[in-house]
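Asks: Let me give you the structure first, and then I'll get to my questions.
Coordinate-derived values only; no laboratory data. All values derive from a computational prediction rather than experimental measurement. Please note: Cβ atoms are built from the backbone with ideal geometry, for glycine as well, and neighbour counts cover all protein chains shown.
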Amino acid sequence: MTVAAAPARIVSRSPVIDKLGVLIALIVAAAWVFLPFATFKANRIIQGQSRIVFDALPPWQSILLSAIIAISLPVIFYRTGTLWRLLMAAVALLALLILVGQTAAYLTPPGNALARVSPGAGFWVLLFGFLLLAADALTRLRLKPWPRIGILVLAAIAVGAIMLSGDWNGLSILKEYFVRSDAFWREALTHVVLAFGSLVAAVIVGVPLGVLSYRVPRLRAVVLNILNGVQTIPSIALFGLLIAPLAWVAANVPGAAAVGVSGIGFTPALVALFIYSLLPVVANTVVGLLGVPPAANDAARGMGMTDRQRLFQIEMPLAFSIILTGIRIVLVQNIGLATVAALIGGGGFGVFVFQGIGQTALDLVLLGAVPTVILAFAAAIVLDAVVEMVSVRGRTSR
Amino acid sequence: MIEIDDLTKVYDGTTVVDNVSLKVDEGEIAVIVGTSGSGKTTLLRMINRLIEPTAGRVRLNGLDTRDTPPYELRRRIGYAIQANGLFPHRTVAQNIGTVPQLLGWQRSKIDSRVDELLSLFQLEPGQFRNRMPAELSGGQQQRVGVARALAAAPKVLLMDEPYGALDPIIRAKAQDDLLTIQKQFKTTVVLVTHDMEEAIRLGDRIAVMDQGKLLQYATPEEIIAHPATPFVDELIGTGERPFRLLSLSTVGEIAHQGEAEGEPVAAAMSLRDAYAECLWSRRQTLPVADPSGTIIGMVTLRDLEQRAARPA
């Protein structure tokens, strides 16, 4: 009896260290103590002054944030219940997001319209640390696809509510936004159209091309090699390479210029993204179709399915989850790559990034970068969930 | 009835099937047996035009198979293969209903046919209808594969090593099921195997193939008694010949008047098993009982030995 009781006592008395938790706890602790939580600048361009947590917030708020972080450290460091970790991450993230807005009011001298307050390195690292904690806890919970999307929606609602409350209005990113809110939404639309439009075009062209490459092995080698080659061209170079041929098309093909084809601008950006998207779509279509069990194909033929029936009833459904994985890769890749489109006048969030670099205004860079990251992240979560829903159906009962 | 006339298949100068002719009568089971590379599977696949012959023709009930589009032809011919080829993304019911659905049957008719076939193969419809193939055991998958091949009640069933992946006990059960169902539906079956034991057990006629050529096409008795070439003999196995011959008949067929001691054997027992029983129980005679348990006669060790000798 004593022998049996001993191991249980050891477990309950000395907590086990969580391996990833050690890393997260170190990151969080370092960011809290050493890194600036906010940066104060007299105007939007000059070098800013760093403020650590205790100098960036009113006393009771900095105590509140510090208390939350201090409580979170042992929860993160030791192996604790997954739900507790998730709850801890949610509380900390909420506190971070709300309190970072308060730094603006605290640090900006009254009546000073030129001064800028931005979230500092400490804020971003703390945000990263707690997001990592949340992601780790969510992974361990092994949630089904719908709950995952549900959590994404909840997070979006929380961020939206904080933004609408005006809490962040004093922050420099939003000040940059207020100056150009029309342009922001215009470029946001352009960005989404670039990313999704090129994806849709790549699916419309790439899936049939993949099916064809699968059916004709000789074509497969040629197509995949060409697309592989294209993929190695740096994105900026590809945008540049398209200027000459598209300018020629605009000048020489009747009506091309009228529908918006030109050497620079939206069209070459869309074309370049489309070309980049083809490889993952075609390759995944081919791989997916090659993965269809030969016996299933043979049985389908032997029972009298026509080639078309076999394609739509057997091969495509079985390859679908892999094709969808390709689409997910393309979408996330395109949301990021579309930023570069601004270089050739294609628009999108990249406009703010490159303007910001030109003006050495980091806040403006963030106005372009942060929405891009959020968009890519959300797209990845949603499509991952969809891929899982689709592939689960093949394995177990409906 | 299947008539195969001078069928030849040449791939890149290699003759895989060489001028094969044979006839399978309605309601018969013909087993094509041979080693790998003998062309047996190619021959089978030319019947439903999964492979187009280089020369020769196949007639089904007198009609040349080339006169029907391949996919229509195949919908009329059952097809079951070794790895069962179930569609992993479709339920058991959808799998079985494949050909009826291709033929455009009514939903309700398909459903009742599916349930009928599931019951026939001892799979409780309510329990198995909505399962996915991955949720079945190997034996169950194989049964669903054969049920699917029989779904549209084809007159002809082609089977390519259907029991290759099954363990011996489940294979014997599956073979018995096939014999029962084949008798019930009077289906004409062409089955390909590399296993002579299986060929003798299932075949009304056995076609032995080697290097694309049909060496012999005859009843099991004939093949065992008078193998056409040394290769056929080798395939049967010289040491196995008497026992293979014994396995073709049952004690019920040769039982005669007389009294015998000890535990009776069932009339359906093969002579081979009866011979083993004699040796095992040190008996010269065995009483034979019908399914109700009534003694209908006896067999002697001497009878069995005579049946095991090479026929004249």
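Asks: Could you size up the charge dipole of chain B around its Cα centre, putting +1 on the beta carbon of Lys and Arg and -1 on that of Asp and Glu, and report it in debye to the nearest 20? List each step's numbers first, then the result.
Replies: Values: 35 positive and 41 negative charges, 211 e Å.
The calculated dipole for chain B is roughly 1020 debye.
Asks: Follow-up. Quick one: work out the % antiparallel among DSSP beta bridges in chain A, nearest 5.
Replies: Around 90 percent of the beta bridges assigned by DSSP in chain A are antiparallel ones.
Asks: Quick one: Karplus J couplings for the stretch B:44-61, per residue in order, coefficients 6.51, -1.76, 1.60, θ = phi - 60°, nearest Hz, x for Gly and Pro?
Replies: 3J(HN,Hα) across the stretch B:44-61, in whole Hz: 4, 6, 7, 5, 9, 6, 5, 10, 8, x, 6, 8, x, 8, 10, 10, 10, 6.
Asks: Further, regarding this structure: Based on other C-beta atoms within 10 Å, arrange A:124, B:280, A:248 from fewest to most.
Replies: B:280, A:248, A:124
Asks: Going toward the positive end of the dipole of the stretch A:181-395, with +1 on Lys and Arg Cβ and -1 on Asp and Glu Cβ, which of A:299, A:268, A:223 do you reach last?
Replies: It is A:299.
Asks: Take the alpha carbon atoms of the stretch B:210-261, find their center, do the same for the stretch B:20-87, and report the distance between the two centers in whole angstrom.
Replies: Taking the Cα centre of each part, the stretch B:210-261 and the stretch B:20-87 sit 26 Å apart.
Asks: ³J(HN,Hα) across the stretch A:48-63 via Karplus (A = 6.51, B = -1.76, C = 1.60, θ = phi - 60°), whole Hz, x for Gly/Pro?
Replies: x, 9, 7, 10, 6, 3, 6, 9, 9, 10, x, x, 5, 6, 5, 5
Asks: Hey, can you rank A:290-299, A:276-285, B:117-126, A:168-177 by average C-beta count inside 10 Å, highest first?
Replies: So the order, starting with the most tightly packed, is A:276-285, A:168-177, A:290-299, B:117-126.
Asks: Quick one: Cα centre-to-centre distance for the stretch A:320-379 and the stretch A:264-297, in angstrom?
Replies: Rounded to whole Å, the Cα centres lie 20 Å apart.
Asks: Tell me what chain A gives for mean residue ellipticity at 222 nm when only DSSP H runs of n ≥ 4 count, each as -39,500 (n - 2.57), the sum divided by the residue total, rounded to 500 deg cm²/dmol.
Replies: -25000 deg cm²/dmol
Asks: Hey, can you grab everything whose amide H is under 5 Å from the amide H of residue B:213? Only 5+ residues off in sequence or another chain; H modelled, so Pro and N-termini drop out.
Replies: Those qualifying (amide H under 5 Å, at least 5 residues apart or on another chain) are B:18.
Asks: Can you spot the lysines whose alpha carbon is less than 19 Å from residue A:175's alpha carbon? Ignore those fewer than 8 places along the same chain.
Replies: Candidates past the 8-residue exclusion: A:41.
Asks: Which residues' amide hydrogens lie under 5 Å from the amide hydrogen of residue B:29, considering only partners 5 or more residues apart or on another chain, with H built in the peptide plane?
Replies: Under 5 Å from the amide H of residue B:29: B:189, B:204, B:205.
Asks: On to the next question. What ranking of B:99, A:332, A:200 emerges when the number of other C-beta atoms within 10 Å of each C-beta is taken as an exposure proxy, fewest first?
Replies: A:200, A:332, B:99
Asks: What percent antiparallel are the DSSP beta bridges of chain B, to the nearest 5?
Replies: Once the DSSP bridges in chain B are tallied, antiparallel ones form about 55 percent.
Asks: Restricting the count to DSSP beta bridges whose residues both fall in the protein assembly as shown, what percent are antiparallel, rounded to a multiple of 5?
Replies: Within the protein assembly as shown, antiparallel bridges account for around 60 percent of the total.
Asks: Let me ask something else. In whole Hz and in residue order, list the ³J(HN,Hα) couplings for the stretch A:114-130 that follow from phi through the Karplus curve 6.51 cos²θ - 1.76 cosθ + 1.60, θ = phi - 60°; x for Gly and Pro.
Replies: These are the phi-based 3J(HN,Hα) values: 8, 5, 10, 10, 10, x, x, 4, x, 4, 5, 5, 4, 4, 4, x, 6 Hz.
Asks: Where nothing but the Cβ of Lys and Arg (+1) and of Asp and Glu (-1) is charged, how large is the charge dipole of the stretch A:11-171 around its Cα centre, in debye to the nearest 20?
Replies: The dipole of the stretch A:11-171 has a size of about 420 debye.
Asks: Then there's this: Quick one: helix B:271-281 against the long Cα principal axis of chain B, what's the angle to the nearest 10°, folded into 0 to 90?
Replies: Around 40 degrees separate the two axes.
Asks: Taking amide H atoms as placed 1.01 Å from N in the peptide plane, list the residues 5 or more away in sequence, or in a different chain, whose amide H sits under 5 Å from that of residue B:82.
Replies: B:160
Asks: Any aspartates and glutamates with Cα under 14 Å of the residue B:40 Cα? List them, leaving off those in the same chain fewer than 8 positions away.
Replies: Cα-Cα hits under 14 Å: B:18, B:160, B:161, B:195, B:210.
Asks: Given the options B:236, B:255, B:145, identify the residue whose Cα lies farthest towards the positive end of the charge dipole of the protein assembly as shown (+1 on Cβ of Lys, Arg; -1 on Cβ of Asp, Glu).
Replies: B:145
Asks: Need one word for the protein assembly as shown: rounded, prolate or oblate. Basis is the Cα gyration tensor (sqrt eigenvalues a ≥ b ≥ c); a/c below 1.5 gives rounded, then a/b vs b/c decides.
Replies: Note, shape of the protein assembly as shown comes out prolate.
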